[in-house]
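One structure is given here, and the rest of the page talks about it.
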Amino acid sequence: MGFHWESTVFAIIAFVLLYWLLNKYAFGPLLNVMEKRREMIQSQIQSADSNRKEAEKLMSEQKQAILEARKEAQEIIEQARQMSVKQAEEIVQAARDESNRIKDEAIKDIANEKDKAVAALRSQVSAMAVMIASKIIEKQIDEKSQQQLIDQYLKEVGGKL
C-alpha cells in the first residue's frame, strides 16, 4: 500500500467542498438557530427576572396595604370604643339628670301636699275650736261635763283626720 497523492488531493478537495457546503448551508443556519435560541433564553431570563422583581414589588405593596388596613381597622375600633364610652357616659348623665328632676318634683309635690294638709287641718281645727267654743258658750256646764265634751270633739276630730 502506498501513498496515493491523488486520493489525498481528492480527499482534501472533497473536505474543503464539504466544509464550504456545510458552512454555507448547515453551520450558518445552525449557528443562527443557536444564536436565536440563546437570545430567546436570555430574554426569558430577563423577563423572569423582571417578573420576579415586579412580584416582589407587588408583594411588598400588598404587605403595606395589609398593614395600613390593619391600622385603619384598629383606629376604627378605637373610635367606636371611645364613642360607645362617650355615649354610655351621656346616657348615665341623662339618667342622673332625669332622676334628680323627678326627685325634685316629688319633693315639691310632697311639700305642696303637706302644706295643703296642714292648711286643711288648721281650718278644721279652727272650725272645731269655734264649734267647741260655741257649744261651751251655749251650755254653761261644769268642769266634768266640759272635759267630756272636749274629749268627744277630739275623738270626732281624730276620726275626720
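The values are calculated or read from the model by the stated rules, or taken from the named source; none is laboratory data. Note that the structure is predicted; figures quoted are calculated from it, not measured. Remember, those area values only see protein heavy atoms, side chains included, never the ligands or the DNA or RNA. Shrake-Rupley method; radii C 1.70, N 1.55, O 1.52, S 1.80 Å.
Any idea which of Ala111, Ala88 is in a helix (DSSP H, G or I) and farther than 30 Å from Lys155 by Cα?
Ala88 is the lone residue from the list that is in a helix (DSSP H, G or I) and farther than 30 Å from Lys155 by Cα.
Mind counting the residues in segment 127-161 that are of a type outside the set (A, V, I, L, M, F, W, C), at pLDDT below 65 and closer than 28 Å to Ala117 by Cα?
Residues flagged as of a type outside the set (A, V, I, L, M, F, W, C), at pLDDT below 65 and closer than 28 Å to Ala117 by Cα within segment 127-161 amount to 2.
Kindly indicate whether Gln62 is modelled with pLDDT of 95 or more and either open to solvent by 100 Å² or more (accessible area, probe 1.4 Å) or of a type in the set (A, V, I, L, M) (or both). Let's see the steps before the verdict.
Values: modelled with pLDDT of 95 or more: yes; either open to solvent by 100 Å² or more (accessible area, probe 1.4 Å) or of a type in the set (A, V, I, L, M) (or both): yes.
Against the criterion (modelled with pLDDT of 95 or more and either open to solvent by 100 Å² or more (accessible area, probe 1.4 Å) or of a type in the set (A, V, I, L, M) (or both)), Gln62 qualifies.
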